[in-house]
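The values are calculated or read from the model by the stated rules, or taken from the named source; none is laboratory data. Being a predicted model, the structure only gives us computed values, none of them experimental. Neighbour counts run over all protein chains shown; Cβ positions are idealised from the backbone, glycine included. Ligands, DNA and RNA are stripped out before the accessible areas are found, and what is left, the full protein with its side chains, is counted by its heavy atoms. Shrake-Rupley method; radii C 1.70, N 1.55, O 1.52, S 1.80 Å.
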Amino acid sequence: MASLSNRIITIANQKGGVGKTTTAINLATALAAIGERVLIVDLDPQGNASTGLGIDRRDRKLSSYDLLMGTHGIAEIAQQTAVPNLSILPSTMDLLGIEMEIAGASDRVFRLRRALFADDAAEYSYILVDCPPSFNLLTMNAMTAAHSVLVPLQCEFFALEGLSQLLETVDQIRRTVNPSLDIQGIVLTMYDARNNLALQVVNDVRTHLGEKVYHTLIPRNVRVSEAPSYGKPAILYDLKCAGSQAYLQLASEVIQRERQRKAA
């Protein structure tokens, strides 16, 4: 079984365009930069996390699809990225059909959990799962496998409405298949300090969810948006930009919360 010291965090939001993959890539890079051994599991058929870490589609001979199908394990699929200490299980379009392929299987929501609790996952201190922007069987697998869910939330008008749906989903997973699942934290993304609405959203979310919301705000940042087209995390592409610095701060908060959790 996997080491109890590793931490499986699912990064999820059923709404697209909230910075989910960007958060997965840059949080993983920041954790790797401070010496943690990190694995990203790309569960989105679009494969943006894989592309954003420089894994060419032609090099994805094995993928997270093979992991869920049970034909190959983590050690066979994982690819080292250009970031030291950071590996990824890449995604392919094969994931689009997996829901139909395993729909009748009794273990359909436990496939990822079984794989991530195998011996070859024990070398990683953090496993981050990047989900598709929908609540489907892939997202259910991710939440069933995870210790906690990290929710990127865009600073826009309908943010709280979408968040309440996601929190209901987490409660449903907790009640049915993963009673220990909790909310790792809410990270507010695409923050623009010049926008009064963004500030109002920040205040509303913090009023409703208190300590669950990270202090770090991820700003709108051109350099962060450019980085994936170069196959690099923003932290490698431009370490000094505001977005990279924010993700380093977020990683520090994640580590701090883990220390507090262990101490408790």
Note to self: I need the full set of residues from the range 163-202 which are in a helix (DSSP H, G or I), under 17 Å from Ala12 (Cα atoms), open to solvent by 40 Å² or more (accessible area, probe 1.4 Å) and in contact with a strand residue (DSSP E or B) (Cβ under 9 Å, 6 or more places away or on another chain), in order please.
What the structure shows: Leu167, Arg174
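So, Gly54, is that one of a type in the set (Gly, Ala, Ser), within 20 Å of the chain's Cα centre (by Cα), on the phi > 0 side of the Ramachandran plot and open to solvent by 10 Å² or more (accessible area, probe 1.4 Å) or not?
yes
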Next item on the list: State yes or no: is Thr207 over 16 Å from the mean Cα position of the chain (by Cα), over 17 Å from Thr21 (Cα atoms), at pLDDT 95 or above and exposed (fewer than 14 other Cβ atoms within 10 Å of the Cβ)?
Entry: no
Margin query: Condition first: more than 19 Å from the chain's Cα centre (by Cα), of a type in the set (Ser, Thr, Tyr) and either closer than 25 Å to Ile255 by Cα or not in a helix (DSSP H, G or I) (or both). Now tell me which residues in the range 210-238 satisfy that.
Written below: Tyr237
Check: Taking the range 228-247, which residues are under 14 Å from Thr23 (Cβ atoms) and either free of Cβ contacts under 8 Å to residues at least 40 places away in the same chain or open to solvent by 60 Å² or more (accessible area, probe 1.4 Å) (or both)?
Finding: Ala246
Note to self: I need a count of the residues in the range 67-98 that are without any contact (Cβ under 8 Å) to a residue 24 or more places away in the chain, of a type outside the set (Gly, Ala, Ser) and assigned to a helix (DSSP H, G or I).
What the structure shows: 2
Note to self: Residues that are touching a Gly at 6+ places or on another chain (Cβ under 9 Å), in a helix (DSSP H, G or I) and free of Cβ contacts under 8 Å to residues at least 60 places away in the same chain: does the range 26-49 have at least one?
What the structure shows: no
Item checked: Of residues in the range 116-162 being without any contact (Cβ under 8 Å) to a residue 60 or more places away in the chain and part of a helix (DSSP H, G or I), the one most open to solvent (accessible area, probe 1.4 Å) -> Glu161
Notebook entry, point to check: List pairs: first in the range 205-220 and farther than 9 Å from Ile186 by Cα, second open to solvent by 80 Å² or more (accessible area, probe 1.4 Å), Cβ under 6 Å, 6+ apart or cross-chain?
Noted result: Thr216/Gln249
Notebook entry, point to check: Among the residues of the range 3-11, is any under 17 Å from the mean Cα position of the chain (by Cα), over 24 Å from Leu248 (Cβ atoms), hydrophobic (A, V, I, L, M, F, W, C) and open to solvent by 10 Å² or more (accessible area, probe 1.4 Å)?
Noted result: no
